[in-house]
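*Asks:* Sharing a structure with you now.
The values are calculated or read from the model by the stated rules, or taken from the named source; none is laboratory data. Computed from a predicted model, the values in this text were never measured in an experiment. Neighbour counts run over all protein chains shown; Cβ positions are idealised from the backbone, glycine included. Note: accessible area is taken over every heavy atom of the protein model, side chains too, but ligands, DNA and RNA are not part of it. Shrake-Rupley method; radii C 1.70, N 1.55, O 1.52, S 1.80 Å.
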Amino acid sequence: MGAQLRVYKRRIKSISATKKITKAMEMIAASRVVKAQRQVAASTPYASELTRAVGAVATGSTTQHPLTTEAQNPTRAALLLITSDRGLAGGYSSNVIKAAEQATQTLTAQGKEVDTYIVGRKGVAYYSFRERKVTESWTGFTDNPTYADAKKIAGPLIDAVQQNTAEGGVDELHIVYTEFVSMLTQTPVDHRLLPLSMEKTAEETAAKGVIAPLYEFEPSAEEVLDALLPRYVESRIYNALLQAAASKHAATRRAMKSATDNAEELIKSLSRLANAARQAEITQEISEIVGGASALADASAGSD
């Protein structure tokens with residue numbers, strides 16, 4: 001019985017140590033998600049206004065440009081998948097990878113060849129384990145991305161969009177990431193960055209009640225679009241990186257809170273079992289003492 005009690009005590013001690021770790025990770029994730037939320041809120045207006053400006057330039061001119069012009073027969077698409085460098089975030093990475101798989105299947109069914117670009121070690125490991133081709137990947141900054149990271153990612157994607165498909169270029173650019181809705185809700189989404197959907201941009205502008213201004217382009221609309229193309233892609237990727245980071249921290253906080261709660265429940269359960277084992281041990285010792293005293297009394301009575 002004593003050995004069993006020692007086993008319970010060792011398990012309680014081990015789980016208590018784990019609980020301290022998960023509680024600390026929960027608090028760290030909670031502080032990081034607040035910072036990430038602020039960064040998302042700060043970057044979203046710029047990305048939205050830049051998108052509106054690009055839409056205004058496109059609708060106000062007849063220039064054929066990769067930023068706004070649909071290919072007649074698109075045959076190739078680039079897909080940027082944003083995952084995490086680390087785990088301990090529940091189903092965060094697996095959910096966004098599933099969304100990327102669905103997007104890839106949809107594009108393939110449309111007759112398009114898909115070039116996959118990946119951000120985050122989890123996505124890289126998933127594709128590497130399955131020996132699937134990855135055009136380019138980036139790791140090491142998903143928890144705290146910067147605009148420089150977004151520019152680094154946008155460079156090869158913009159080059160691919162500006163090239164002909166016969167030379168390895170693409171007709172479309174898609175991005176799959178986790179959109180931060182709230183602390184409890186993070187949703188994997190698939191957005192097409194290029195070509196920009198003019199109808200969708202016009203609907204968003206009308207929904208906000210903004211009257212589209214008239215523009216004069218100098219030196220030309222094409223050169224304006226050439227200047228806006230990298231800024232548009234960079235701002236959208238940066239906003240997606242921030243949304244993904246906030247979603248990952250929120251998922252980590254939720255997962256660590258669940259682990260902490262489970263540890264507390266397990267400690268309570270083991271404490272009850274340890275108490276029962278200790279009570280049984282005490283009861284057995286008392287029974288042995290009483291039995292010994294009774295046997296001694298019987299022996300003394302017999303000698304008399």
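*Asks:* Quick one: E136 ticks every box in (1) modelled with pLDDT of 90 or more; (2) of a type outside the set (F, W, Y); (3) within 16 Å of the chain's Cα centre (by Cα); (4) surrounded by 14 or more Cβ atoms within 10 Å (Cβ to Cβ) except a single one, so which number is it?
*Replies:* Of (1) modelled with pLDDT of 90 or more; (2) of a type outside the set (F, W, Y); (3) within 16 Å of the chain's Cα centre (by Cα); (4) surrounded by 14 or more Cβ atoms within 10 Å (Cβ to Cβ), only one is false for E136: (3).
*Asks:* At pLDDT 80 or above and of a type outside the set (S, T, Y), is that true of A36?
*Replies:* Considered against the rule, which asks whether it is at pLDDT 80 or above and of a type outside the set (S, T, Y), A36 comes out as yes.
*Asks:* Any residue in segment 43-56 that is in a helix (DSSP H, G or I) sitting within a Cβ distance under 9 Å of a residue that is among the acidic types (D, E)? List the pairs, counting only those 6 or more apart or interchain.
*Replies:* Final answer for the pair search is S48/E204; T51/E204; R52/E204; G55/E204.
*Asks:* Determine if segment 166-175 includes at least one residue that is in contact with a Gly (Cβ under 6 Å, 6 or more places away or on another chain) and not hydroxyl-bearing (S, T, Y).
*Replies:* Within segment 166-175, not a single residue is in contact with a Gly (Cβ under 6 Å, 6 or more places away or on another chain) and not hydroxyl-bearing (S, T, Y).
*Asks:* So, one more: Considering only segment 146-153, I want to know if a residue exists there that is among the small types (G, A, S) and in contact (Cβ under 8 Å) with a residue 60 or more places away in the chain.
*Replies:* Scanning segment 146-153 turns up at least one residue that is among the small types (G, A, S) and in contact (Cβ under 8 Å) with a residue 60 or more places away in the chain.
*Asks:* Another one. So if I check each of I282, I289, I237, which one is assigned to a helix (DSSP H, G or I) and under 28 Å from N95 (Cα atoms)?
*Replies:* Of the residues listed, the single one that is assigned to a helix (DSSP H, G or I) and under 28 Å from N95 (Cα atoms) is I237.
*Asks:* Only one of these conditions is not met by S269: (1) touching a helix residue (DSSP H, G or I) at 6+ places or on another chain (Cβ under 9 Å); (2) under 26 Å from K9 (Cβ atoms). Which number is it?
*Replies:* Against the list (1) touching a helix residue (DSSP H, G or I) at 6+ places or on another chain (Cβ under 9 Å); (2) under 26 Å from K9 (Cβ atoms), S269 comes up short only on (1).
*Asks:* Would you check which residues across segment 114-127 are open to solvent by 50 Å² or more (accessible area, probe 1.4 Å) and not aliphatic (A, V, I, L, M) and list them?
*Replies:* R121, K122, Y126, listed by residue number.
*Asks:* Give me the residue from segment 91-113 that is more than 13 Å from the chain's Cα centre (by Cα), farther than 18 Å from H191 by Cβ and small (G, A, S) and, out of that set, least open to solvent (accessible area, probe 1.4 Å).
*Replies:* By that ranking, first place goes to G111.
Yes/no per residue for (1) at pLDDT 90 or above; (2) over 30 Å from the mean Cα position of the chain (by Cα); (3) of a type in the set (A, V, I, L, M):
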site: A3; (1), (2), (3): no, yes, yes
site: K9; (1), (2), (3): no, yes, no
site: S16; (1), (2), (3): yes, no, no
site: A41; (1), (2), (3): no, no, yes
site: L50; (1), (2), (3): no, no, yes
site: A58; (1), (2), (3): no, yes, yes
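*Asks:* Across segment 142-170, what is the number of residues that are open to solvent by 30 Å² or more (accessible area, probe 1.4 Å) and more than 27 Å from the chain's Cα centre (by Cα)?
*Replies:* Looking only at that region, the number is 7.
*Asks:* In the list G123, G90, G155, which residue meets the criterion of being part of a loop (DSSP other than H, G, I, E, B) and either touching a Pro at 6+ places or on another chain (Cβ under 9 Å) or of a type in the set (G, A, S) (or both)?
*Replies:* G90
So that you can scan it fast, the table gives a plain yes or no per residue for (1) farther than 30 Å from A29 by Cα; (2) without any contact (Cβ under 8 Å) to a residue 24 or more places away in the chain; (3) of a type outside the set (D, E, K, R):
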| site | (1), (2), (3) |
| --- | --- |
| Q72 | yes, yes, yes |
| E101 | no, yes, no |
| Q105 | yes, yes, yes |
| G111 | yes, no, yes |
| Y117 | no, no, yes |
| Y126 | no, no, yes |
